Amino acid sequence: MKSLNLKQLIGTALFSLLTVYCAAALATEANSPRIISAGSTVTEMLLALGAKDKIIAADLTSKPLLLNTEVPIVGYHRQLSIEGLLSLRPSHLLGSDEMGPDTTLKQLTSAGVVVQALPSGNHLDDFNARIDILAKLTDTQAKAAQIKTQVKAQLAKLQQNKPAAPAKVLFMMISKGRPITVAGAGTTTHTVIELAGAINPVAEHSHSYKSFSSEAILQMQPDVILLAERTYDQLGGIAGLVAEQPLLAQTPAVKNQRVIAIPSAAIQGGFGLASLTLAENLQHQLASATGANAAPQ
């Protein structure tokens with residue numbers, strides 16, 4: 001049998017100690033969940049429910065929501081480290097089905113941590129299911145009911161304010177030297193565009209995200225192009241976009257300087273409160289920013 005080296009023995013011993021430590025902590029803190037949030041939509045909902053004190057750590061996508069707090073950031077939700085997580089004595093790891101790697105999730109489960117992927121879809125039912133799970137865990141059902149009522153009212157107002165002549169809006173992911181990727185049906189961005197009362201011309205051609213040529217995008221004649229804030233900044237605004245993809249200069253969006261930068265957190269991890277706010281902002285911009293370039297919000 002192959003013998004273990006000193007490094008492997010120390011690693012095995014450390015994991016065993018952390019497992020015992022975590023299990024003991026779980027037994028004493030059963031009524032007070034210690035949550036690691038591995039997704040911005042989970043974090044935003046916990047904050048909205050008034051359960052910030054239950055968050056002991058969060059992933060990188062949650063960082064913008066936790067500025068000026070002492071909540072530690074544990075890395076990217078797809079690349080979680082077992083040692084770093086167990087040392088925090090969590091009772092729950094909550095996120096989406098994008099959490100990983102699987103080895104870390106299995107080890108956490110073996111250590112007694114509840115690992116749960118919450119609904120991350122783009123429909124109201126998914127949103128309500130997510131808030132119900134979190135509200136029950138944090139004993140904030142009354143606040144959850146208030147949030148649901150408010151969200152219902154916001155959705156009704158968006159519907160009421162839909163324009164008679166909807167604009168064609170598409171969201172692009174673009175970087176130097178790579179094909180353009182556009183959001184089709186089934187994406188959070190598509191839901192945001194529809195709620196704002198606009199049309200996503202990519203939806204009839206693609207489900208999820210797909211690469212499109214600049215020629216294909218030109219044929220769609222988008223009235224508005226959405227870019228992530230980081231992409232907008234990296235490109236250097238509309239001038240940089242045109243320098244990277246010259247054909248886009250012929251679209252109504254670029255001709256009328258209607259390229260809008262949006263926060264990435266609002267379109268990650270399923271439809272959430274930030275997505276709803278983005279839909280409201282987009283509807284307002286579509287109605288009032290004719291001929292104006294909307295810089296990052």
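Here are the numbers:
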item	result
Counting DSSP beta bridges with both ends in the stretch 164-288, the antiparallel % (nearest 5)	40
Residues R89, R230, R178, sorted so that the one with the fewest Cβ neighbours within 10 Å comes first	R178, R230, R89
Loop GluC sites (Glu not before Pro), the stretch 121-228, which have at most 16 other Cβ atoms in a 10 Å radius of their Cβ (DSSP)	E204
Set of lysines with alpha-carbon distance to K157 below 28 Å, sequence-local pairs under 8 removed	K143, K148, K168
Helical mean residue ellipticity (222 nm; -39500 (n - 2.57) per DSSP H run of 4+; nearest 500) of the chain	-13500 deg cm²/dmol
For the stretch 103-159 and the stretch 198-250, distance of Cα centres in Å	32
Cut-off 14 Å, label 7 Å out along Cα→Cβ of A165, residues of the stretch 214-255 by amide N	223
Surface/4 of the Cα convex hull for the stretch 164-288, nm²	6.9
Relative contact order of the chain, pairs being alpha-carbon contacts under 8 Å that are 6 or more residues apart, as %	15
Separation of the A142 and D233 label points, Cα + 7 Å toward Cβ, nm	4.0
Alpha carbon convex hull of the stretch 50-179, projected area averaged over orientations, nm²	11.7
Counting DSSP beta bridges with both ends in the chain, the antiparallel % (nearest 5)	20
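The numbers here are math on the coordinates, done by the rules we state, and not lab data. Everything numeric here is computed off the predicted structure, so don't read it as measured data. All Cβ positions, glycine included, derive from the backbone under ideal geometry; neighbour counts span all protein chains shown.
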